[in-house]
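**Student:** Dropping the structure in here first, questions after.
The values are calculated or read from the model by the stated rules, or taken from the named source; none is laboratory data. Everything numeric here is computed off the predicted structure, so don't read it as measured data. Cβ atoms come from the backbone with ideal geometry, glycine included; neighbour counts cover every protein chain shown.
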Amino acid sequence: MGEVTHKRLKPLQINPVKLSQPMGATLAFMGVDNCMPLMHGGQGCTSFTKVYFTRHFCEPIAIQTTAVTDALAVLDGGDYSIVESVKNICKKVSPSLIGLHTTGLPETKGDDMSWIAKQIDFPLVYVNTPDYEGGFESGWALTCKALIEQLVEPARIVNDNKLVLLPHISLTPLEVEKIKDFIEGFGFNVLALPDLASSLDGHLGEKQAALSSGGISVNEIKSLADAGVVISVGDSMQNSAAALLKKNPEMRHQHFSHLCGLEATDSLVELLLAETGFSSPPLTLARWRKRLQDAMLDSHFSLGQTRFLVVGEPDQLAGICQALSDVGGKVKVAISTVDSPQLVKLKADKVLVGDLEDAELLAAEYDLIIGNCHCEALAHRQNKGLVVRGFPNWEEVGNSLKHDLLYEGGAYFLFECANAATTHRAHLAAG
Amino acid sequence: MSQKPKIKELLVESACEHNQTRKAACNAPTPGATTGGCAFEGAQIALFPYADAAHLVHGPITCLGSSWETRATKTTWPGRDLTQVGFTTDINLNDVVFSGEQKLKDAIDYIMAHYRPEAVFVYATCVTAMIGDDLDQVCKQAAAKHGVPMVPVHAPGFVGSKNLGSRLGGEAALRHLIGTLEPETTTAFDINLIGEYNVTGDMWQYKHLLDELGIRVLATLSGDGRIREIRSAHRARLNVLVCAKSLISLTRKMQEKYGIPSISLSFYGRRDTSKGLLAIAEALGDTDLIRRTRTLIVREEAKLAAQLEPYRAVFAGKKAVLNTGGNKTWSIAAALQDLGIEVVATAVKKATEDDREKARAYLGDTGVLMMNPGAEQARLIDEKGAHLLLAGGRSLYTAIKKGIAFADVNQEKKKSYGGYAGLLNLAEDLKNALENPVFKLAARRAPWEK
């Protein structure tokens, strides 16, 4: 916990890492099966988003736009564009849900989403996500909350074997799957909301998908409120957890800021042992815990002499900074896309809300960068090592199968960083 | 308002011969059934390649946050390559309520203090256009203060498509840059390359040939471009539109204002590259230049033929289905034919009348022009016995299902297929695709599904 600067000090962003709320909302809707995300705004927001995620995931991305034009922006309250969109979408495909999310344009003119949603006779969830507020992480979280508020049916009893996982946006599809598997190892039936594990994990489907293929089903969302346990991961997801508990106060909620490193994973195991009454976890988990312990010791020499810059979303920073500092890694600078209560808790000497120009100016303070592929040019110019994490990663294939958390992923993550640091030092030594 | 271009005029482009028969070039998009980028993206594509200028996007984070560093527009500019630097005011709620003009002014001052660009392009976006921030005024004041051109670009996304945005980008250059500076010297063979963005270094595949012929590229809009050069572009003898119908309004206006004639061509594939070089020489009208160009073409084609020799056997008898849009419907088809691959079908759904005519000319009577490629391509692969599908990533499934090779047409965003030398890149990539066992293997049925 070091010095934290919450406000951007410049009048502009230069080489931004920040992404917009509507893009976070799109991604959340991609975690619902058979869904058509519908972005309300000019056609460009949608086009940029589609291309962005297609390149990141190397998968086709289903999304539509209300295609607001200048004339409509003045004349229409949004209802015409949205009603027409729903009609036109349904001419071609049969989604189980339309995920309506806004952008800056309709929010500036004040389109009333709740009123418009009532005019539409089709399963639809709406969320207000202007891109001049919040960011990627909040767009995802607001969408998750909207899915809960608008779809989940209230319940009064709980099924102790059923568990709901609310993951933050920066968890990869495989990470969500690993958490589900981990918990299922204790005998739970786990449902994740949103669930990218089966939709954007990069699987060869039967045919090209015109809608999201995989993810939690609408019916599963509707009946989430009878789960015995709710686990939220990432501070951005706490409001979603609270919204779910309103549907059934009998549910037991446990929050984790992240699931990276030995201690956080131990806490999860303690919770699961307490919930199940088991005295020990599945054998494979115990085995992986020992491997992580060994990985920490094997990697500490390299990481202990490495100074880090970590760039990303607040919830993502929380986990990465913890995992590195656990083995003596010195996180000198953490750059967050947006402000968040998470920032004061980060294990970093200096935390700021900023961009990659800020990172460039602080280049003397770190050796290895952990951040998105925009950091590549920075690493090259400043002669730094780089481990690519977060959005976007357009340069490497296999992003959705990276996993850095729990005992198993934690071990892989430390190895990758330690090797990158060692390679970088050798590269510097060779001149 | 007087500073802003008249969008109606741009939509009804008199220089476009098809405008009588076609629906308005940029008619309103259908809600819920629209693909493709917005006007802002079009303007960005047209102007971002100026590496010595800062490109400041005045809007919320979506516009730039999702789009910077997405286009490999190469440059030889020795300073900091500003094509790969993203600048945005990232406006917040406060700016929406109380105006973002002050923030914009401060942002320009910051850029001038820290990056010293030759110009700043300031892009309006939907939100800042809606709240009425006065870009013209801010730019005028900033230009007076800093002594370099400040170019307001009025192409907010909601005015229309990418194509219209490119026109508006050209309009901004015409209004604020072209004709504001005299070139140090002029030659009889000065040309401008318009619409060549040098993505993956496409321009460099043929630029050295122009140099060798003594044809000087005075200015470009905007590949490997310089602000100083585009400012003096009005002294060129010829405008060369490279695969870019969207900028036809610009070249027409330059003809009216400065008397510069223009030609439109492509440098994709052997035949088009040769035709293009000759067309430039002929338009410049010098008999010696024409003779030298013919000699150069013979030499280059012979060199290419020798380099392609090892591929002949691989491509002999191979048939391809092409599913793309715009000028690629025929330009890639032509390049494939140059390699000895038969193009049995090409998609023309997302192509203009002009593109369709060209596609028909290249494919001849037997080739199929697909109006509904999503439904047609699988059937045509079977009927025609195609070996190769070139398409966007979504069509990979079709190729896998049919067990034939697949090549992503968007590869060209990573690697240049332009000019004579680019054809070798294309040949190598297609050979690799055709010889790769992965397409059949990946389609293998699981043991439990047999």
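**Student:** Looking at segment B:387-413, which of the residues that are out of contact with any His (no Cβ under 7 Å at 6 or more places or on another chain), in a loop (DSSP other than H, G, I, E, B) and closer than 18 Å to B:P437 by Cβ is nearest to the other protein chains (Cβ to nearest Cβ)? Reasoning before the result, please.
**Tutor:** At the first step, the residues of segment B:387-413 found to be out of contact with any His (no Cβ under 7 Å at 6 or more places or on another chain) are B:387-403, B:406-413.
Restricting the remaining residues to those that are in a loop (DSSP other than H, G, I, E, B) gives B:387, B:392, B:403.
Still in the list and also closer than 18 Å to B:P437 by Cβ: B:387, B:403.
On the way: B:H387: 21, B:G403: 14 Å.
Result: B:G403.
**Student:** Counting just the residues of segment B:218-238 that are of a type in the set (G, A, S) and touching a Phe, Trp or Tyr at 6+ places or on another chain (Cβ under 7 Å), which one comes out surrounded by the fewest Cβ atoms within 10 Å (Cβ to Cβ)?
**Tutor:** Quick first cut of segment B:218-238, residues of a type in the set (G, A, S) only: B:219, B:222-223, B:225, B:232-233, B:236.
Right, trim to touching a Phe, Trp or Tyr at 6+ places or on another chain (Cβ under 7 Å) and you get B:222-223, B:225.
Working: B:S222: 30, B:G223: 26, B:G225: 30.
Filtering segment B:218-238 for residues that are of a type in the set (G, A, S) and touching a Phe, Trp or Tyr at 6+ places or on another chain (Cβ under 7 Å), the one surrounded by the fewest Cβ atoms within 10 Å (Cβ to Cβ) comes out as B:G223.
**Student:** Same structure, new question: Please pick out the residue among A:Q64, A:Q21 that is buried (at least 24 other Cβ atoms within 10 Å of the Cβ), free of Cβ contacts under 8 Å to residues at least 40 places away in the same chain and touching a helix residue (DSSP H, G or I) at 6+ places or on another chain (Cβ under 8 Å).
**Tutor:** Being buried (at least 24 other Cβ atoms within 10 Å of the Cβ), free of Cβ contacts under 8 Å to residues at least 40 places away in the same chain and touching a helix residue (DSSP H, G or I) at 6+ places or on another chain (Cβ under 8 Å) holds for just one of A:Q64, A:Q21, which is A:Q64.
**Student:** Residue by residue through segment A:181-196, note down the ones that are in a loop (DSSP other than H, G, I, E, B) and touching a Leu at 6+ places or on another chain (Cβ under 7 Å).
**Tutor:** Result: A:G185, A:F186, A:F188, A:L193.
**Student:** Ok, one more. Restricting attention to segment B:176-205, which residues are touching a residue at least 60 places away in the same chain (Cβ under 8 Å), assigned to a helix (DSSP H, G or I) and either out of contact with any Leu (no Cβ under 8 Å at 6 or more places or on another chain) or surrounded by fewer than 20 Cβ atoms within 10 Å (Cβ to Cβ) (or both)?
**Tutor:** Result: B:D202, B:W204, B:Q205.
**Student:** Of all residues being over 19 Å from B:A33 (Cα atoms) and out of contact with any Cys (no Cβ under 9 Å at 6 or more places or on another chain) in segment A:93-115, which is farthest from the other protein chains (Cβ to nearest Cβ)? Just the residue, please.
**Tutor:** A:S114
**Student:** If I ask for residues that are outside any helix (DSSP H, G or I) and of a type in the set (S, T, Y), which ones from segment B:414-450 would you list?
**Tutor:** Residues satisfying the conditions are B:S416, B:Y417.
**Student:** Failed condition for B:V348, given (1) surrounded by 19 or more Cβ atoms within 10 Å (Cβ to Cβ); (2) closer than 23 Å to B:K245 by Cα; (3) modelled with pLDDT of 95 or more, with all others met?
**Tutor:** All conditions pass for B:V348, except number (3).
**Student:** If a residue counts only when it is touching an Asp or Glu at 6+ places or on another chain (Cβ under 9 Å) and acidic (D, E), which strands (runs of 3 or more DSSP E) contained entirely in segment A:88-180 have at least 3 such residues? Step through it out loud before you land on a result.
**Tutor:** On the way: elements: A:97-102, A:124-127, A:159-167.
Qualifying strands (runs of 3 or more DSSP E): none found.
Residue-wise test of (1) touching a Ser or Thr at 6+ places or on another chain (Cβ under 7 Å); (2) within 28 Å of A:S336 (Cα to Cα).
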{"residue": "A:H101", "(1), (2)": "yes, yes"}
{"residue": "A:P106", "(1), (2)": "no, yes"}
{"residue": "A:G110", "(1), (2)": "no, no"}
{"residue": "A:I116", "(1), (2)": "no, no"}
{"residue": "A:L124", "(1), (2)": "no, no"}
{"residue": "A:V127", "(1), (2)": "yes, yes"}
{"residue": "A:Y132", "(1), (2)": "no, yes"}
{"residue": "A:G135", "(1), (2)": "yes, yes"}
{"residue": "A:G139", "(1), (2)": "yes, yes"}
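**Student:** Let me ask you something else. Among residues belonging to segment B:154-175 that are among the charged types (D, E, K, R) and under 13 Å from the mean Cα position of the chain (by Cα), point out the one that is surrounded by the most Cβ atoms within 10 Å (Cβ to Cβ).
**Tutor:** B:R167
**Student:** Among the candidates A:M36, A:M30, which residue alone is farther than 21 Å from A:G78 by Cβ and crowded, with 22+ Cβ neighbours inside 10 Å?
**Tutor:** On the way: A:M36 fails: farther than 21 Å from A:G78 by Cβ.
The conditions single out A:M30.
**Student:** Residue check: is A:E177 closer than 30 Å to B:T398 by Cβ and without any contact (Cβ under 8 Å) to a residue 40 or more places away in the chain? Reasoning before the result, please.
**Tutor:** Numbers: closer than 30 Å to B:T398 by Cβ: yes; without any contact (Cβ under 8 Å) to a residue 40 or more places away in the chain: yes.
Answer is yes for this residue.
**Student:** Among what's in segment B:32-46 and is small (G, A, S) and over 25 Å from A:V93 (Cβ atoms), pick the residue that is nearest to the other protein chains (Cβ to nearest Cβ).
**Tutor:** B:A39
**Student:** With the checklist (1) out of contact with any helix residue (DSSP H, G or I) (no Cβ under 7 Å at 6 or more places or on another chain); (2) part of a helix (DSSP H, G or I); (3) surrounded by fewer than 20 Cβ atoms within 10 Å (Cβ to Cβ); (4) not hydrophobic (A, V, I, L, M, F, W, C) in hand, flag the one item A:Q316 doesn't pass.
**Tutor:** Result: A:Q316 fails condition (3) only.
**Student:** Do you know which residues across segment B:87-106 are surrounded by fewer than 24 Cβ atoms within 10 Å (Cβ to Cβ), within 16 Å of B:V122 (Cα to Cα) and within 7 Å of chain A (Cβ to nearest Cβ)?
**Tutor:** B:K103, B:D106
**Student:** In addition: Listed residues A:L292, A:L283, A:L343, A:L309; which is touching a residue at least 40 places away in the same chain (Cβ under 8 Å) and farther than 30 Å from A:G24 by Cβ?
**Tutor:** Working: A:L283 fails: touching a residue at least 40 places away in the same chain (Cβ under 8 Å); A:L343 fails: farther than 30 Å from A:G24 by Cβ; A:L309 fails: farther than 30 Å from A:G24 by Cβ.
The conditions single out A:L292.
**Student:** Keeping to segment B:64-86, report how many residues are closer than 25 Å to B:Q141 by Cβ and more than 7 Å from chain A (Cβ to nearest Cβ). Break it down stepwise before answering.
**Tutor:** Initially, segment B:64-86 is screened for residues closer than 25 Å to B:Q141 by Cβ, giving B:64, B:82, B:85-86.
Filter once more, keeping what is more than 7 Å from chain A (Cβ to nearest Cβ): B:82.
Selection size over segment B:64-86: 1.
**Student:** Do you know which residues across segment B:401-420 are out of contact with any Asp or Glu (no Cβ under 8 Å at 6 or more places or on another chain) and surrounded by fewer than 19 Cβ atoms within 10 Å (Cβ to Cβ)?
**Tutor:** B:K401, B:G403, B:D408, B:N410, B:K413, B:K414
**Student:** Looking at (1) in contact (Cβ under 8 Å) with a residue 24 or more places away in the chain; (2) at negative phi; (3) in contact with a helix residue (DSSP H, G or I) (Cβ under 8 Å, 6 or more places away or on another chain); (4) not acidic (D, E), which one does A:I89 not meet, given that it meets all the others?
**Tutor:** Failing condition for A:I89: (3).
**Student:** Here is a check on your reading of the model: is B:A28 within 26 Å of B:R226 (Cβ to Cβ), under 28 Å from the mean Cα position of the chain (by Cα) and either at the interface with chain A (Cβ under 8 Å from one of its Cβ atoms) or crowded, with 17+ Cβ neighbours inside 10 Å (or both)?
**Tutor:** Answer is no for this residue.
**Student:** Looking at the structure I just gave you, is A:N34 over 26 Å from A:W394 (Cβ atoms) and within 11 Å of another protein chain (Cβ to nearest Cβ)?
**Tutor:** Working: over 26 Å from A:W394 (Cβ atoms): yes; within 11 Å of another protein chain (Cβ to nearest Cβ): no.
In short, no.
**Student:** If you don't mind, there's one more thing I want to ask. Can you name every residue in segment B:139-175 that is over 25 Å from A:G42 (Cβ atoms) and either part of a helix (DSSP H, G or I) or within 14 Å of chain A (Cβ to nearest Cβ) (or both)?
**Tutor:** B:K140, B:Q141, B:A142, B:A143, B:A144, B:K145, B:H146
**Student:** Still on this structure: Scan segment A:75-92 residue by residue and report those that are at the interface with another protein chain (Cβ under 9 Å from one of its Cβ atoms) and surrounded by fewer than 21 Cβ atoms within 10 Å (Cβ to Cβ).
**Tutor:** A:Y80, A:V83, A:E84, A:K87, A:N88, A:C90, A:K91, A:K92, listed by residue number.
**Student:** In this structure, does B:L277 turn out to be buried (at least 19 other Cβ atoms within 10 Å of the Cβ), part of a helix (DSSP H, G or I), in contact with a helix residue (DSSP H, G or I) (Cβ under 8 Å, 6 or more places away or on another chain) and outside the structural domain of B:T220 (by TED's automatic domain parsing)?
**Tutor:** no
**Student:** Can you find a residue that is of a type in the set (K, R), touching an Asp or Glu at 6+ places or on another chain (Cβ under 7 Å) and assigned to a helix (DSSP H, G or I) anywhere in segment B:100-111?
**Tutor:** Checking segment B:100-111: at least one residue is of a type in the set (K, R), touching an Asp or Glu at 6+ places or on another chain (Cβ under 7 Å) and assigned to a helix (DSSP H, G or I).
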